[in-house]
Amino acid sequence: MANSNAEGHWADTSRLMWIALAIWAFFSFVIHFFVTGLNQIVILGFPLGFWFAGQGSLVAFVLLLFWFARAQDNSDSKHGFAEEE
């Protein structure tokens, strides 16, 4: 029983890791490919591409960290690997 529980936990953790890596890659690389086109849109005097590259990615990374920590904690609790508080 414990082995199957550990395997389920690893499957959830692995899936979560790949999802987080894909989101990170999207905001690290994909968004920046379109910066030049987005610079045609200006908001409050700043080109939209500049904002996405300079600020938007950083905000996305912080949100990704909080989401990942919560999702991993839920997975740990689900499979009995949660830390006691």
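The values are calculated or read from the model by the stated rules, or taken from the named source; none is laboratory data. Predicted model only: the values in this text are computed from it and were never measured. Glycine also receives a Cβ, built like all others from the backbone with ideal geometry; neighbour counts cover every protein chain displayed. Calculation scope for accessible area: heavy atoms of the full protein, side chains included, ligands and nucleic acids excluded. Shrake-Rupley method; radii C 1.70, N 1.55, O 1.52, S 1.80 Å.
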message: I'm trying to understand the selection: among the residues of region 1-28, which are surrounded by 10 or more Cβ atoms within 10 Å (Cβ to Cβ) and either among the hydroxyl-bearing types (Ser, Thr, Tyr) or more than 14 Å from the chain's Cα centre (by Cα) (or both)?
response: Asn5, Ala6, Glu7, Gly8, His9, Trp10, Ala11, Asp12, Thr13, Ser14, Ser28
- request: Would you point out the residue of region 29-42, among those that are open to solvent by less than 90 Å² (accessible area, probe 1.4 Å) and in contact with a helix residue (DSSP H, G or I) (Cβ under 8 Å, 6 or more places away or on another chain), that is nearest to Trp10 (Cα to Cα)?
  value: Ile31
field: Matching option when the condition is at negative phi, free of Cβ contacts under 8 Å to residues at least 40 places away in the same chain and hydrophobic (A, V, I, L, M, F, W, C), among Leu48, Leu16, Leu44
entry: Leu48
Positions within region 43-80 being of a type outside the set (Phe, Trp, Tyr), surrounded by 12 or more Cβ atoms within 10 Å (Cβ to Cβ) and not in a helix (DSSP H, G or I), in sequence order: Pro47
